[in-house]
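What follows draws every value from the coordinates through simple rules; no lab data is involved. Nothing here was measured: the structure is a model prediction, and the numbers come from that model. Glycine also receives a Cβ, built like all others from the backbone with ideal geometry; neighbour counts cover every protein chain displayed.
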């Protein structure tokens, strides 16, 4: 087991990474202060890992309840969130109740937001069971739900007590979801660490085959990079925005198709292709690097061509992105692997990028 | 104009108190950084003060929109909150958009919670137009909405940029709402400052007549006391709980009758009578002090007899109070004016208090 610490002062927390961690009572014990625990999971994950987690908690003598939510991004909304609140209130959960998020990014984001809001804040632990949530949503404290007019528009910055990233849980992950997680790993290398990007290129087959050592290394390095970025900028005032590389275009794809049609990681994979195209078009990135990035995204079995939404719809959707200011879209662009810039872009360049990278309507 | 500063480090903010403040551009100007402002108000307050506020903002050259919500505690729920999110997204509000809460406690709590959650946090300014919201919800950063199973169960601690408490706005306040505000003024004196309690006793007629100087003094002293309590305990870890004197019983009254039947301040007034009875019954308070408190609550035109919910229902409702831990009710009791204690209480004493202070079923 490896532990990465996210250094956030009094909100600091550990990320434990390794095989067979869900069953380890000793990892949960230090982080549960009250007498009640509510596990939040979904209809897919509960049958796979719910019992192992409940078994791990049993020796602690807590009153444990489980809320099983419907699975999928389409359910990341107020109605589903309210099922958590209903369960907490019916179980008479108090201010010391610990929530445990057992599942992927949707479960983590909703459970974290429920923890942030229930009685104005109760503790929570994340047990991410997808590669995407292990490398992405487990670090940074972003929690929230979608609104029909925008993704993650309603939420809070709220840190967990601990993250327990069990690599063994990835064995049951569908190939499409594994690839979606690799997209965020690629993103992390691309924006922050050229050496890590090289490592991903040489390790992509091992990652695709779900080899535990390669996965553990990818999770450790991704979390380490993200943790240092977040520690420097907890509330996304500046530096942290680089983590949104590929996300401006990606969010437009997700919102334009309807949440859940493409996986978040798939949209980010394609969004990186678009952002790299725009980077080259505006003279920031050389085309050899762009080509390497596109090849790696292809090798990770991710889409590299955007859906046919039409230029104007793409631009419309990007203008309601949270990073936009007064209607101006902020693009995170690449200068080279490990180096980014954040800038607005001329409308015609954006349209040219969309013409080159998205299907025509 | 008097200014009380709430000392919360980087989240510190001023409360400006005085007549005719809503129209003062200079008070708003320092606290609005972005290019857009959304005023959140209700159908009662907008016709009274909406134009004055919009007139004050006009010289700042911001894009100003207004969301007018239905009036009343019964609307303090997710559906109404979502009207704010809809309006913000439709207006393309960004992360620098400032929300202004123009109204009473319900508007302040919902606008603050919307500001806490919209894009994970945007700035907001409170313009409380009721005595209750000027002395109570304007200090402390408690924001939130009700859940069918409990009051203020969903929310956040989130501080405004500034509070602008215009005493002149109280002229249009119905007598019943004025009395509800006086209840919180009485509470503040009772728990924290015997001299202030004496002042309220001698000034109660002036407060009932809505005399500006008496109101300004009451708001200033109440905010000052509450600000010092909150500064010492922002997230309600300990000391701050004393501010809930009268609220444990009061919340049970509100929830038991259905939110909006009694005003919050009316429930708190009656709740203080109940808490004082329990204080005497458990030997903490002498009966002369209890009598003085009851007389003052009567003089403020507040109810002193609880509704006929039945003992068991009262106790049931108090067990889901946010201050309860593992189902044990924490009562804030009075030892003397200016001094409190927090304790559990034997069931039979609670039932005896309810028999003495609530109507029989």
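A compact table of results
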{"quantity": "Between segment B:203-236 and segment B:102-132, the Cα center-to-center distance that results, in Å", "calculated": "19"}
{"quantity": "Compactness index (Cα Rg / 2.2 N^0.38 Å), segment A:285-361", "calculated": "1.18"}
{"quantity": "Rg over Rh [alpha-carbon atoms, Kirkwood Rh] for segment A:2-172", "calculated": "0.92"}
{"quantity": "Segment A:188-357 - percent relative contact order, Cα under 8 Å, separation 6 or more", "calculated": "27"}
{"quantity": "At 7 Å out from Cα toward Cβ: residue B:356 inter-copy label distances (nm, ascending)", "calculated": "8.2"}
{"quantity": "Whole-angstrom Cα spans of chain B along principal axes, big to small", "calculated": "61, 40, 36"}
{"quantity": "Projected area averaged over orientations for the protein assembly as shown, convex hull of C-alpha atoms, nm²", "calculated": "29.9"}
{"quantity": "Across the identical copies, how the residue B:234 labels are spaced - nm, sorted shortest first, 7 Å along Cα→Cβ", "calculated": "0.9"}
{"quantity": "Within 10 Å of each Cβ in B:111-119, the average number of Cβ atoms from other chains", "calculated": "4"}
{"quantity": "Residue order, fewest to most beta carbons within 10 Å, for B:272, B:153, A:274", "calculated": "B:153, A:274, B:272"}
{"quantity": "Shielding of B:204-210 by partner chains, average beta-carbon count, 10 Å", "calculated": "0"}
{"quantity": "Chain B - mean residue ellipticity at 222 nm from DSSP helices (-39,500 (n - 2.57) per run, n ≥ 4, rounded to 500)", "calculated": "-13500 deg cm²/dmol"}
{"quantity": "Kirkwood Rh, Cα atoms: Rg over Rh of segment B:130-174", "calculated": "1.06"}
{"quantity": "Per-peptide average of other Cβ atoms within 10 Å, ordering B:138-151, A:206-219 highest first", "calculated": "B:138-151, A:206-219"}
{"quantity": "Residue-span extension gain [residue A:206 to residue A:257] - 0.36 nm each, minus C-alpha spacing", "calculated": "15.2 nm"}
{"quantity": "Cα Rg, Dmax (largest Cα-Cα span) when computed across segment B:204-345, Å", "calculated": "15.4, 46"}
{"quantity": "Over segment B:234-314: Kirkwood hydrodynamic radius from C-alpha pairwise inverse distances, Å", "calculated": "13.3"}
{"quantity": "For residue B:90, label point 7 Å along C-beta direction: distances to other copies, nm", "calculated": "3.4"}
{"quantity": "Footprinting exposure proxy for B:84, A:186, B:361 (fewest neighbouring C-beta atoms within 10 Å first)", "calculated": "B:361, B:84, A:186"}
{"quantity": "Theoretical gain in end-to-end length, residue A:7 to residue A:312 [0.36 nm per residue, Cα-Cα removed]", "calculated": "105.7 nm"}
